[in-house]
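So the structure is just underneath, and the comments pick up after that.
The values are calculated or read from the model by the stated rules, or taken from the named source; none is laboratory data. Because the structure is predicted, anything quoted here is derived from the model rather than measured. Note that we place each Cβ from the backbone using ideal geometry, even for glycine, and neighbour counts take in every protein chain shown. These area figures cover heavy atoms from the full protein model, side chains too; ligands, DNA and RNA do not enter into them. Shrake-Rupley method; radii C 1.70, N 1.55, O 1.52, S 1.80 Å.
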Amino acid sequence: MKIGIVGAGQVGASAAYAIALLGTVREIILIDLDPAMAAAQAEDISHATPFASATHVRKGGYGDLASAKVVIIAAGVSQKPGETRLDLLARNAEVFRAVTSEVLTHAPEAILLIASNPVDIMTGVTQRLTGLPAHRVIGSGTILDTARFRVLLGQHLNIDPRSVHAYVLGEHGDSEVLSWSSAAVGASLYADVALANGKPVTNAVREKIDDGVRRAAYRIIEGKGATYYGIGAGLARLVAAIGGDERSVHSVSIMTPDVEGVKDVPLSLPRVLGKNGVLGDVMPEISADERLGLRASAELLKDTLEAVKV
Ligand code: ADP
């Protein structure tokens with residue numbers, strides 16, 4: 001399988017690196033406005049492949065995307081001094097208009113994986129710009145928040161995070177909802193496992209985990225300027241799920257017809273991923289409070305999306 005990555009900055013390159021290490025694709029094409037950056041990242045990552053896989057990694061142009069099954073879009077421009085968040089969004093929407101038009105000219109069947117932030121809005125914008133069906137325009141959404149939730153709950157319970165089944169719903173951002181009410185370890189409610197292991201999840205523990213998930217990006221950015229390894233690995237996992245037609249469940253963002261009464265809004269719910277993109281949702285039973293939180297998150301995203309002119 002061939003895939004493309006547009007935007008070979010920290011997120012795009014980390015995704016390429018993780019995909020090359022996983023070895024689930026044959027060829028990765030890196031495209032960037034700065035071709036020297038794309039070439040350097042491709043060369044560096046290709047030197048990791050003898051230790052891991054037979055993946056070819058190279059710099060390319062849009063013409064090299066022919067027959068690519070998945071194209072990750074991790075391109076973006078950063079905020080100028082004095083620029084509002086909405087101005088920045090409008091500028092990024094214009095970048096996406098140009099990028100997606102090129103991508104779809106050369107790879108009309110590709111599934112688009114959106115990684116640029118604010119990822120839910122960029123996913124909604126891309127779906128509107130391209131007119132593609134919603135199941136083919138997939139934002140990385142809360143995959144990282146979900147991973148952070150599982151790591152922290154797993155650490156508290158001393159359980160492998162891969163055996164913690166817990167999801168963050170809604171926006172990838174401040175209004176996201178940690179679904180404690182549906183969190184499970186194996187097939188048991190997390191609270192039962194916590195009690196049995198002598199590690200009760202008190203209100204204080206919950207608040208600490210909630211804060212740990214919600215503020216992770218702020219802390220990492222304070223310490224090292226940006227976050228990229230976690231999202232890179234998450235994007236590699238999504239590529240594997242799509243490429244392998246896995247039908248595995250991931251909390252990704254797509255335009256969703258109705259969320260708690262809010263219509264046509266891009267946000268994350270647990271969804272089944274396979275070769276055609278999102279195949280369906282597996283919405284857990286959640287508490288009344290979490291439903292209110294999800295509705296508020298959906299309303300906020302809907303209002304922002306409506307404010308972006310595309
Ligand atoms: P991040 O941390 O999100 O990866 P970076 O600034 O490191 O942010 O990377 C963003 C990348 O996107 C840069 O390498 C930049 O050159 C690239 N980029 C910006 N606009 C475009 C565009 N129109 N087409 C392709 N790449 C672009």
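Residues in segment 273-291 that are touching an Asp or Glu at 6+ places or on another chain (Cβ under 8 Å) and assigned to a helix (DSSP H, G or I): R291 only. Scanning segment 275-299 for residues that are under 24 Å from L86 (Cβ atoms), among the aliphatic types (A, V, I, L, M) and more than 19 Å from the chain's Cα centre (by Cα) yields a single hit, A296. For segment 5-16, indicate whether the set of residues that are closer than 17 Å to G232 by Cα, over 16 Å from the mean Cα position of the chain (by Cα) and more than 10 Å from the ligand (Cβ to nearest atom) is non-empty. The answer is no; no qualifying residue exists.
The set of residues in segment 66-79 being assigned to a strand (DSSP E or B) and either open to solvent by 80 Å² or more (accessible area, probe 1.4 Å) or under 15 Å from E109 (Cβ atoms) (or both) consists of V70, V71. Checking each residue in segment 85-123 for being within 12 Å of the ligand (Cβ to nearest atom), hydroxyl-bearing (S, T, Y) and open to solvent by 30 Å² or more (accessible area, probe 1.4 Å) picks out only S101.
Residues checked against (1) touching a residue at least 40 places away in the same chain (Cβ under 8 Å); (2) closer than 30 Å to V193 by Cβ:
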| residue | (1), (2) |
| --- | --- |
| A98 | no, no |
| P108 | no, no |
| I121 | yes, no |
| L153 | yes, yes |
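This table checks each residue for (1) assigned by the TED database to the domain that holds G76; (2) over 20 Å from the mean Cα position of the chain (by Cα); (3) farther than 30 Å from G76 by Cα.
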{"position": "L132", "(1), (2), (3)": "yes, no, no"}
{"position": "R148", "(1), (2), (3)": "no, no, no"}
{"position": "L157", "(1), (2), (3)": "no, yes, yes"}
{"position": "S175", "(1), (2), (3)": "no, no, no"}
{"position": "R215", "(1), (2), (3)": "no, no, no"}
{"position": "I220", "(1), (2), (3)": "no, no, no"}
{"position": "A241", "(1), (2), (3)": "no, no, no"}
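The criterion of being over 28 Å from P257 (Cβ atoms) and either touching a Leu at 6+ places or on another chain (Cβ under 9 Å) or part of a strand (DSSP E or B) (or both) holds for V193. For the residues I5, I19, I28, the requirement of being among the β-branched types (V, I, T) and part of a helix (DSSP H, G or I) singles out I19. Exactly one residue out of G82, G23, G63 is more than 12 Å from the ligand (Cβ to nearest atom), free of Cβ contacts under 8 Å to residues at least 12 places away in the same chain and open to solvent by 20 Å² or more (accessible area, probe 1.4 Å), and it is G82. Taking the criterion of being open to solvent by 10 Å² or more (accessible area, probe 1.4 Å) and not in a helix (DSSP H, G or I), the residues of segment 124-145 that qualify are G131, L132, P133.
Checked against (1) assigned to a helix (DSSP H, G or I); (2) touching a residue at least 40 places away in the same chain (Cβ under 8 Å), S116 passes all but a single condition, namely (1).
For the residues A236, A241, A288, A298, the requirement of being farther than 29 Å from I3 by Cα and either touching a residue at least 24 places away in the same chain (Cβ under 8 Å) or in contact with a Cys (Cβ under 9 Å, 6 or more places away or on another chain) (or both) singles out A298.
Restricting the search to segment 26-35, which residues are more than 10 Å from the ligand (Cβ to nearest atom) and open to solvent by 10 Å² or more (accessible area, probe 1.4 Å)? Across segment 26-35, the qualifying residues are R26, E27.
When the residues of segment 223-282 are narrowed to those that are crowded, with 23+ Cβ neighbours inside 10 Å and hydroxyl-bearing (S, T, Y), which ends up nearest to the ligand (Cβ to nearest atom)? Checked segment 223-282; the qualifying residue nearest to the ligand (Cβ to nearest atom) is S253.
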